[in-house]
């Protein structure tokens, strides 16, 4: 079954009209999707998108249109080959390689191909992935630039060792779900009363971890963190997220001031490109929390590709790998990142939120638990209660846990009426 | 004087019809420019472009159009502020940050602003830069993410120490030019007879260094390198360039086989994102050349931004910094890279070739010698004898050296008839 047409669109939600999603670097995001539909010859569709925060979504759409000729006429039977074809075109490669706009667009198309493949097979993507043999999983990966840290043979070995427990772990997920944490109380624009109320609600809803945005104003951060800690008590984990606001010395200094409130991790303390900088921050904070415990270092939502993740792990620069469904080239490259994290024994806690990211990444974390890491220890998926009602198969989080989806595909099909209402710039939502 | 309009175009030269420019990763480049003209209110123009190798040039053009609203109505009087405004827009930043298509487009616009500013002042860009005080130079830089390696105060100190010799060094450049090396003999597609002839011609033309492309076929590389060494003798430096073809272990192995022919440097042995990988390769090759000398490690044409260059220097991973005029955000970010290289004592040997890159980077190297590093030791600018006749003020290389341009601006204005003939896809060159 071949792809006969590729349809792109620019969809934007005017979220900047509220302060939802505001942080130290992104004061006014309009959550957006450069959306793509792959049409197969039998009429089946595969849906995918890349997430952006507004301006420039049209550039991602132009990148989707540029990549379309590479997939028209192609089948999705061999998704490893499909992914490598998209990221190895010699002329497009100049524009990265494997980063920025072209890579965001590749993510959308690769994810759409997985949606198409899983839809055709009548299973959710997590289940399709979990049904693959170790060799088939390894064949999905583009191994270029990875073999100094992990070889395909080592990966097969690692997957084979974990394989026996797959069925029991699926059963566990069906019963208990996968732990989630919530960022909803933590946006910078919220007044204290709202922070306190949302913290209380998060605990009541079963979340065992929340996240606060920091980095704009230190005194404000101290006040909000103290309030949140007082509200949730000592047993709920509180992570903080600086969204790349600091230089390395500033990160160490600022976090030393927040340390008394027992931060679980500091997320994106500095540039996502700065492997050595994350290493220096991690080292400096290795006994900064109460009781001489470490403040963990987390990053990933802006980490450009598997080569940078490889180095973050090789350098011992991170405690938490926060892969993103649409930043790297889709499912395939995220499988590489899951394998690298498993090799180095570092937990993966995906970035989500935005629009549709919760829907996508849950499949990757389910697969990680079932077939790659085999562990839930210190694993948790971000959850933000935004914009889920625009999808046909929205993520379901109850009692602080993501529930296994059963619908075929990747849970990432936006409702036709939402795509039309929020089309930019001519949809009804943008005409007012 | 304010910018009142931004005009973009997609210009491509069908260079893939010959084998000029073919290497191990780029078998069929069509040298291209996403071209931008800034129109000032008094009718003055500033020209700039980003270089690509064909497909995707239209995506860079879309990025130029997306960035245009950020500069319309703005003045180029404060170019530091101008550059930071372009790369810090909170919504566009999501698409990088500071990498890939959006950064290539920012390069074009920043460089065009320098062309506009220098044209207005009636001086070449190198001379405008060399006339700035240490404080003014430091103000051009976006210091975010650099201060763990270099602070503005240190940079002022470094520039102040070098300032006294500026006039004498300008005089030296006027008389002797700036050393160039040539890649013209080294493309992979050429038959042996052509390689040998071009090597002989390079030496006769006064070049003291040539570069060969490697990485596609080892036996072929050994044969061509032996031929080149035999042709030019032991005193001409021969660098080799793998264009990111290898994983780390492959790079070390392959270069061990080429070592007997005394390579001056190995360029782009692996992924440009792999700081630690370059460090491992450099370490492994530190005594691999004849006489126990090091094979130097060089990279830069695909290094995404100043943060990655910072780490390459901090980690001792490179011997040669190969900045590119259009990969990072133009003159301003390249000033940051020159300052970092000077701090770490590593020579800058810019990437050039393509279309228009020789024209642009010469200004940066002249400025480096005059005001930043103050040295020509082991410095050389790449030269490729391609497509210069399409510019109004083409780079002049005689007796193996770049000559100081005297025309106002950045030497990067493409002739109107070339822009029209090679316009993609409707120019005459593409209609055949």
Given (1) closer than 11 Å to residue B:339 by Cα; (2) without any contact (Cβ under 8 Å) to a residue 40 or more places away in the chain, residue B:131 misses just (1)
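Residue by residue, here is whether (1) closer than 13 Å to residue B:260 by Cα; (2) surrounded by 20 or more Cβ atoms within 10 Å (Cβ to Cβ) holds:
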position: B:208; (1), (2): no, no
position: B:217; (1), (2): no, no
position: B:221; (1), (2): yes, yes
position: B:241; (1), (2): no, yes
position: B:246; (1), (2): no, yes
Say whether the condition of being surrounded by fewer than 24 Cβ atoms within 10 Å (Cβ to Cβ) and more than 30 Å from residue A:163 (Cα to Cα) is met by at least one residue in region A:398-414.
yes
Which one is surrounded by the most Cβ atoms within 10 Å (Cβ to Cβ), of the residues in region B:415-432 that are in contact (Cβ under 8 Å) with a residue 40 or more places away in the chain, in contact with a helix residue (DSSP H, G or I) (Cβ under 7 Å, 6 or more places away or on another chain) and not in a loop (DSSP other than H, G, I, E, B)?
B:418
If residue A:97 meets every condition in (1) facing another protein chain (nearest Cβ under 8 Å); (2) over 19 Å from residue B:65 (Cβ atoms); (3) crowded, with 24+ Cβ neighbours inside 10 Å; (4) in contact with a helix residue (DSSP H, G or I) (Cβ under 7 Å, 6 or more places away or on another chain) apart from one, which number is that one?
(4)
Only one of A:80, A:43, A:73 that is more than 14 Å from chain B (Cβ to nearest Cβ) and free of Cβ contacts under 8 Å to residues at least 40 places away in the same chain:
A:43
What do you reckon, is residue A:395 in contact with a strand residue (DSSP E or B) (Cβ under 9 Å, 6 or more places away or on another chain), in contact (Cβ under 8 Å) with a residue 24 or more places away in the chain and under 25 Å from residue A:128 (Cα atoms)?
yes
Flag if residue B:359 is more than 13 Å from chain A (Cβ to nearest Cβ), outside any helix (DSSP H, G or I) and within 28 Å of residue B:185 (Cβ to Cβ)
no
Within region B:100-141, considering residues that are more than 8 Å from chain A (Cβ to nearest Cβ) and under 21 Å from residue A:96 (Cα atoms), the one surrounded by the most Cβ atoms within 10 Å (Cβ to Cβ)
B:105
From the option list B:352, B:329, single residue qualifying as buried (at least 24 other Cβ atoms within 10 Å of the Cβ), in contact with a strand residue (DSSP E or B) (Cβ under 6 Å, 6 or more places away or on another chain), under 28 Å from residue B:108 (Cα atoms) and in contact (Cβ under 8 Å) with a residue 24 or more places away in the chain is B:352
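Each reported figure results from applying straightforward, stated rules to the coordinates on display, with no laboratory input. Because the structure is a prediction, the values reported are computed rather than measured. Because the Cβ atoms are built from the backbone with ideal geometry, glycine has one as well, and the counts that use them run over all protein chains shown.
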